[in-house]
Amino acid sequence: MARTKIGIIGAGNMGSAFATRLTAAGHEVAITAKDPAHAEKAAAATGGKARAVKAAEIARNADVVILAIPYGAAADALRAAGDLTGKTVIDITNPLTADMSGLSLGHTTSAAEEIQKAAPKARVVKAFNTIFAPVLGGTAKAQVLYAGDDAKAKDAVKAIVESAGFEAVDAGPLANARHLEPLGMLNIYLGYVAGRGTAIAPAFVAVA
C-alpha cells in the first residue's frame, strides 16, 4: 500500500474518524480545526500517529486534503489552507439547509462543483458523503462512491478508500455529485428521521 500524505480540515466526528482510520491504514495524517484544541484531541486519539497543525499549514505537505467540515464553511477553509495547486481535495459535504430538512443546491450544480470553483487549481473529488461517522470509524466494509473529473485524483481517492477497508465505486464525473448529494440526504433522512440509525450506508449490489 502506498503511504499518502493526507491533510484533514475539521476535527469533528468525521474528521476525527478519518484521522483514526487513515493513520491505522498507514497514511501520514495532519489535522486542523477552527479550534486548535479540537485538532489536538483528534490527533491524540490516534495514539500520536497524526499531527495537529495550523490551518495555513494543512496543504503544505499534503498530497490529499479532506474537507471534513460543513459545506457552508468550505470556501473559507480552503482559502486558509495554503496553496492547493495540484492537490487532490476530497469533498465529503452535503449542502444541507439550515434546518437540515433538505439540500440548498441541486439539479444545476452541486457542493462539489462549487468547491471546485472556489479552489480552481485543486483537483476536487466527491467521496464519503454517504458515509456516517460511526461507519467510518467502524469495521464494516461499506461502499464509498466517488466522482471527479481528474483521473489521477480519482485514482488517489480510490487507493485511499481501499486502503481504509472500503469498497470504492466510481460514480463518474464531478457533475454526478448532483446525484450523490441527494443520495447523501436520503441517507441522513433514513438514519435520523426514519430511525434506522447511523450504522447504515447505501450500496449497489448485483441482483441478477
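None of the figures in this text is laboratory data; all of them are computed from the coordinates on show. Being a predicted model, the structure only gives us computed values, none of them experimental. Cβ placement follows ideal geometry from the backbone for every residue including glycine, while neighbour counts extend to all protein chains displayed.
Structure summary
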{"quantity": "FRET efficiency for Leu183 and Lys121, using Cβ-Cβ distance with R0 set to 35 Å, rounded to 0.05", "calculated": "0.80"}
{"quantity": "Cα gyration tensor category, rounded, prolate or oblate, for the chain with a/c compared to 1.5", "calculated": "rounded"}
{"quantity": "Förster-model FRET efficiency, 30 Å R0, Asp149 and Arg3, C-beta, rounded to 0.05", "calculated": "0.70"}
{"quantity": "Length-normalised contact order for the chain - Cα pairs under 8 Å, 6+ apart - percent", "calculated": "17 percent"}
{"quantity": "Candidates Asn129, Asn13, Asn94: whichever shows maximal mean-square fluctuation once the chain is modelled as a Gaussian network with Cα springs under 10 Å", "calculated": "Asn13"}
{"quantity": "Choice from Met100, Met14, Met185 showing the highest fluctuation, given a GNM over the chain with Cα pairs closer than 10 Å", "calculated": "Met100"}
{"quantity": "Approximate spin-label separation Thr97-Ala159, in nm, with each point projected 7 Å along Cα-to-Cβ", "calculated": "4.2 nm"}
{"quantity": "DSSP bridge orientation in region 55-208 - percent antiparallel, rounded to nearest 5", "calculated": "25 percent"}
{"quantity": "Extension gain (nm, one decimal) between Lys34 and Thr85, 0.36 nm per residue minus Cα-Cα", "calculated": "16.1 nm"}
{"quantity": "Distance histogram for region 127-208 (every C-alpha pair counted, 5 angstrom bins, percent rounded to whole numbers)", "calculated": "3, 15, 24, 24, 20, 11, 3, 1"}
{"quantity": "Low-density loop positions, trypsin sites (Lys or Arg not before Pro), region 70-137 - DSSP coil, at most 11 other Cβ in 10 Å", "calculated": "Lys121"}
{"quantity": "Size of electric dipole in region 1-67: Cβ of Lys, Arg +1 and of Asp, Glu -1, about Cα centre, debye, nearest 20", "calculated": "60 debye"}
{"quantity": "For region 69-155, size of Cβ-based charge dipole, Lys and Arg +1, Asp and Glu -1, in debye", "calculated": "260 debye"}
{"quantity": "Among Ala194, Ala112, Ala127: highest mean-square fluctuation, GNM of the chain, C-alpha pairs under 10 Å", "calculated": "Ala194"}
{"quantity": "Point-charge dipole on Cβ atoms (K/R +1, D/E -1) for region 1-143, about Cα centre, debye to 20", "calculated": "440 debye"}
{"quantity": "Within the chain, helix-based [θ] at 222 nm, where runs of 4 or more DSSP H residues each add -39,500 (n - 2.57), nearest 500", "calculated": "-9000 deg cm²/dmol"}
{"quantity": "Projected label distance in nm at Ala206 and Glu57, using a 7 Å step from Cα toward the beta-carbon", "calculated": "4.9 nm"}
{"quantity": "Two-site label geometry, Ser104 and Thr139: point separation in nm, points 7 Å out along Cα→Cβ", "calculated": "3.9 nm"}
